Structure formats: structure tokens, C-alpha cells
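Asker: This is the structure, below, for whatever I ask next.
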Amino acid sequence: MEELNLFVKSIFIDNMIFAYFLGMCSFLAVSKNVKTALGLGVAVTFMLVVTMPINYLLDRYVLQPGALSWLSPGMADVDLSFLGLIMFIAVIASGTQLVEMAVEKFSPSLYASLGIFLPLIAVNCAILGGALFMQQKDFPSAWTATVYGFGSGIGWLLAIVGLAAIREKIAYSNIPAPLRGVGITFIITGLMGIAFMSFLGIKLG
Amino acid sequence: MLNKKNKEALFNPLSKDNPVLVQILGICSTLAVTVSLEPAIVMGISVICVLAFSNVIISLIRNTIPTTIRIIVQLVVVAALVIIVQQVLIAYNYEVSKQLSVFIGLIITNCILMGRLEAFALNNKPWPSFLDGIGNGLGYTIILVIVAFFRELLGSGTLLGYQVIPQWCYDHGYENNGLMILPPMALITVACIIWVHRARNTELQEN
């Protein structure tokens, strides 16, 4: 129940896009049609689910103050937390590279459809942001962290597919010239954000 | 020192080639840290430092980086600089560093950095790269400050923490607009800035 609650909360209330604006650059750039938006959304969700438990274990057993005490009692006062950023980004960058190679080898058709988005994910703030929020929220186990990663990914996917659908619909609308393109996309995202805020305070169980 | 090309690298990003309004880079942090002016200014200065120095470092080693692993090299250089900024902030301005929370760390994945490193520092000498970094950082900071100015003024009636809207306004029924503090209004404020900017620079409008 605890996990279900966290899952729903990370999709709707702590939505990566509307509450924290993470992954905004690719969100605005790749939301011109629903199909590519869906591809990128799936790729981001997948990377969040893969990197979250790795980063969690890294944080818990290597980086936190006193985390190295399982090696020897003398290491108990070692604090490596300042290395967090560089470790997380290394895990994410190498993870993206590995996933790219694996997908290319085992499923060329999926690789062709995701192709260009995979390398872009290394610099998607939603993934690194997920890792940093995970560190801040201090989850009890790697499983909860994975649930959080999955929920955040689904939330991101919902947001980008929704925006892409709206942008397809307004393609022929008569918008004031200076607002065309980016401007109106910002306003739509803002209005979607206000709509998502109505989920605030929902609690299961 | 400042020939025509260098001047362009320094001044173009301020308006005509602004990283936020025109290149649409680095939106995440623009929106998240602009509830009030102080964190916005600190964030802007941090980005200027990291951007200028990472541009210089990458530009110095640009001929020795193999192209296949350049993204990882860039990320490591940027991450090292961001860690320095983060430690300095924790040491000298703990309150603001708490307020900015994860967003200092997220400078690493700020698209302005990767964008400028890829587009400029990899093909140019260190001095123009440094100027390009300063210019783009300033262009980013200007937008951050404008958005934060309106959000703090209308949302809490203060600027940099000082009360600006006098008490008699509240006595006569003026209310702070709570909506301005909420995240979605940052997007709409940026949209209004884009609107004004493109109405003045008609060549930037899209069809």
C-alpha cells in the first residue's frame, strides 16, 4: 500500500514536468507529434527504472556518511557524499551507452524507432533529478526507490504525450504571430500544470 | 582582445540569440528557481562561472578528446566544476544552497552547458569560448532575474526579501497573488517575455 501511494503520488502530484520542470528541454523539443513523444517517454521511463536502484545502492553503500562501514569498522567516519553528482552522472551516462548497445543488438526495430533519443537521455534532467530527489527523500529500500523511478517516468510519459496531442490539434489554429511555436507551447504547459495541481492532497489508503 | 567576432560571441546571447528565449535551452532551472530574486541571482552567477570555465577547459583540450567519448568527458568536466560551486555555496551561503536544493546539481544537465560546449567550445580557441560562456550565462541570468522580479513582486509583495508594496495598499484591499508563487505561472511569465521579445524582433517569429 505504501508503494502504491508513492507510485500514484510520483505520477500526479510530484510530476517531474509540472511540479519540478525536469526534462523540459526535450519535453518542448520532441513534442511535435504523439508517436515520437511516446518513444521518448518510454525510453525515459526505462532509464529511470534501470538507474534508480543502482544509484540507490551506490548512495547507501558507498557515498553516504559512514556508508563504508561494511568494509571495515575503521571506515565508519568516511564521508564521500560530495562525490554524489559525479557518480550519478557516470552511472547514467554509462547506463545509456550500455542500453543503447543492448537494444541495438537484440531488437534492431526498437532501436530504429528510439534511435536518436537514446543518447539524448544522458543529459535529460529528469533522470539525474530523479536520482537527486531519491537521495533527498531517503527511501527505506531499493524496491521503493525503483517504484519511485517508475512512477516518475510514467508521469513524464503522460505529460509529454498529452502535450504532443494538444500541439497536433492546434497546428492550424490562428495564434498571434509572436506567440507561435514556443510561446504557445509554454502557455499550454502552464495550463496543464494548473490542471495537474488539482491532484494535490490525494492520498490512498 | 575584442574584435568583431568576439564581440558577437559576448553580446549576441543577451538578446538576439538568447539561450532561453531563442535557443530554448536550460528551461528546467529557469522555471524552478524563480520564486524569489535571491536564489535566482545566486543560480545565475553559478551558471555563469560553470559555463565560462567549462568552455575554457573543453576548448583547451578540444584537439585531444576522441569524438566517440566526448559526451562523457564533457559531463565529467562540468560535474567537477559544479561540485566546486556546490561546496563553495554550502560553505558561504547555506540558506540559499538549501533553497536551491537539487537545482545546483542539475546545472550538470542544464542544456545550455552541453549546447555551448558542443556548438562553440569544441571548435574555438579558449578566449572566444570564455567570452561565449560569459555572454550566454548573462543572457540566461537576465531572463532568470526578470521572471523572478515579477513573481516575487506580485506573489509576495517583496523584492530581495524587503517589503515593497506599502501596508496601506493591503489596508485598502490589495491581496498578494498566490498563483504567482506556484510553478505553472513561471511558464506563463516566460511565455509573456517571449511574446514581447518576438513582437520586437519580428525576424524570430515562427510560421
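The values are calculated or read from the model by the stated rules, or taken from the named source; none is laboratory data. Model, not experiment: these values are computed from the prediction. With ideal geometry, Cβ positions are generated from the backbone for all residues, glycine too; neighbour counts draw on all protein chains shown. Note: accessible area is taken over every heavy atom of the protein model, side chains too, but ligands, DNA and RNA are not part of it. Shrake-Rupley method; radii C 1.70, N 1.55, O 1.52, S 1.80 Å.
Asker: Filter the stretch B:62-78 for residues that are more than 25 Å from A:Gly95 (Cβ to Cβ) and free of Cβ contacts under 8 Å to residues at least 40 places away in the same chain; which is least open to solvent (accessible area, probe 1.4 Å)? Step through it out loud before you land on a result.
Answerer: Step one: list which residues in the stretch B:62-78 are more than 25 Å from A:Gly95 (Cβ to Cβ), which gives B:62-64.
So of that shortlist, the ones also free of Cβ contacts under 8 Å to residues at least 40 places away in the same chain come out as B:63-64.
Details: B:Asn63: 133, B:Thr64: 108 Å².
Across the stretch B:62-78, the extreme among qualifying residues is B:Thr64.
Asker: May I pose another question? Quick check, is A:Phe117 at pLDDT 80 or above, of a type in the set (Phe, Trp, Tyr) and open to solvent by less than 50 Å² (accessible area, probe 1.4 Å)? Show your work before the answer.
Answerer: Working: at pLDDT 80 or above: no; of a type in the set (Phe, Trp, Tyr): yes; open to solvent by less than 50 Å² (accessible area, probe 1.4 Å): yes.
Answer is no for this residue.
Asker: Of the conditions (1) open to solvent by less than 30 Å² (accessible area, probe 1.4 Å); (2) charged (D, E, K, R); (3) away from chain A (no Cβ under 14 Å), B:Asp171 fails just one. Which one is it?
Answerer: The one condition B:Asp171 does not meet is (1).
Asker: Run A:Ala37 past the list (1) open to solvent by 20 Å² or more (accessible area, probe 1.4 Å); (2) more than 18 Å from A:Gly149 (Cα to Cα); (3) more than 9 Å from every other protein chain (Cβ to nearest Cβ) and report the number of the one that doesn't hold.
Answerer: Among (1) open to solvent by 20 Å² or more (accessible area, probe 1.4 Å); (2) more than 18 Å from A:Gly149 (Cα to Cα); (3) more than 9 Å from every other protein chain (Cβ to nearest Cβ), A:Ala37 violates only (1).
Asker: Can you name the residue in the stretch A:70-86 that is out of contact with any helix residue (DSSP H, G or I) (no Cβ under 6 Å at 6 or more places or on another chain) and more than 9 Å from chain B (Cβ to nearest Cβ) and, of all such residues, is most open to solvent (accessible area, probe 1.4 Å)?
Answerer: Among residues in the stretch A:70-86 that are out of contact with any helix residue (DSSP H, G or I) (no Cβ under 6 Å at 6 or more places or on another chain) and more than 9 Å from chain B (Cβ to nearest Cβ), the one most open to solvent (accessible area, probe 1.4 Å) is A:Trp70.
Asker: Condition first: among the acidic types (Asp, Glu) and under 26 Å from B:Gln74 (Cα atoms). Can you find one or more residues in the stretch A:71-78 that meet it? Walk me through it before giving the result.
Answerer: Taking the stretch A:71-78 and keeping what is among the acidic types (Asp, Glu), we get A:77.
If we keep only those that are under 26 Å from B:Gln74 (Cα atoms) as well, we get none.
No, the stretch A:71-78 contains no residue that is among the acidic types (Asp, Glu) and under 26 Å from B:Gln74 (Cα atoms).
Asker: Can you find, within the stretch B:21-70, the residue that is nearest to B:Trp127 (Cα to Cα) among those that are small (Gly, Ala, Ser) and not in a helix (DSSP H, G or I)? Walk me through how you get there before you give the answer.
Answerer: The initial filter retains those residues of the stretch B:21-70 that are small (Gly, Ala, Ser), namely B:26, B:29, B:32, B:36, B:40, B:44, B:46, B:52, B:54, B:59.
When the remaining residues are screened for being not in a helix (DSSP H, G or I), the result is B:26, B:36.
Values: B:Gly26: 23, B:Ser36: 34 Å.
So the residue we want is B:Gly26.
Asker: Can you tell me which residue is nearest to the chain's Cα centre (by Cα) among those in the stretch B:189-207 that are at pLDDT 85 or above, open to solvent by 30 Å² or more (accessible area, probe 1.4 Å) and at the interface with chain A (Cβ under 7 Å from one of its Cβ atoms)?
Answerer: Filtering the stretch B:189-207 for residues that are at pLDDT 85 or above, open to solvent by 30 Å² or more (accessible area, probe 1.4 Å) and at the interface with chain A (Cβ under 7 Å from one of its Cβ atoms), the one nearest to the chain's Cα centre (by Cα) comes out as B:Trp195.
Asker: Please determine whether any residue of the stretch A:16-24 is within 12 Å of chain B (Cβ to nearest Cβ), of a type in the set (Val, Ile, Thr) and surrounded by 23 or more Cβ atoms within 10 Å (Cβ to Cβ).
Answerer: Taking the stretch A:16-24 and keeping what is within 12 Å of chain B (Cβ to nearest Cβ), we get A:16-24.
The next check asks that each one be of a type in the set (Val, Ile, Thr); those that pass are A:17.
Subsequent filtering for residues that are surrounded by 23 or more Cβ atoms within 10 Å (Cβ to Cβ) retains A:17.
Looking through the stretch A:16-24, at least one residue is within 12 Å of chain B (Cβ to nearest Cβ), of a type in the set (Val, Ile, Thr) and surrounded by 23 or more Cβ atoms within 10 Å (Cβ to Cβ).
Asker: Can you tell me which residue among B:Leu25, B:Leu21, B:Leu81 is in contact (Cβ under 8 Å) with a residue 12 or more places away in the chain and more than 27 Å from B:Arg198 (Cβ to Cβ)?
Answerer: Values: B:Leu25 fails: more than 27 Å from B:Arg198 (Cβ to Cβ); B:Leu21 fails: more than 27 Å from B:Arg198 (Cβ to Cβ).
Selected residue: B:Leu81, the only one of B:Leu25, B:Leu21, B:Leu81 that is in contact (Cβ under 8 Å) with a residue 12 or more places away in the chain and more than 27 Å from B:Arg198 (Cβ to Cβ).
Asker: Please determine, by comparing only the residues of the stretch B:96-117 that are open to solvent by 10 Å² or more (accessible area, probe 1.4 Å) and among the hydroxyl-bearing types (Ser, Thr, Tyr), which one is farthest from the other protein chains (Cβ to nearest Cβ).
Answerer: Filtering first and then ranking leaves B:Ser97.
Asker: Would you pick out the residues in the stretch B:10-20 that are open to solvent by less than 10 Å² (accessible area, probe 1.4 Å) and either more than 20 Å from B:Asn55 (Cα to Cα) or touching a Leu at 6+ places or on another chain (Cβ under 9 Å) (or both)? Even if it seems obvious, please write down each step before you answer.
Answerer: Step one: filter the stretch B:10-20 for residues open to solvent by less than 10 Å² (accessible area, probe 1.4 Å), giving B:13, B:18-20.
Scanning the stretch B:10-20 gives B:Pro13, B:Pro19, B:Val20.
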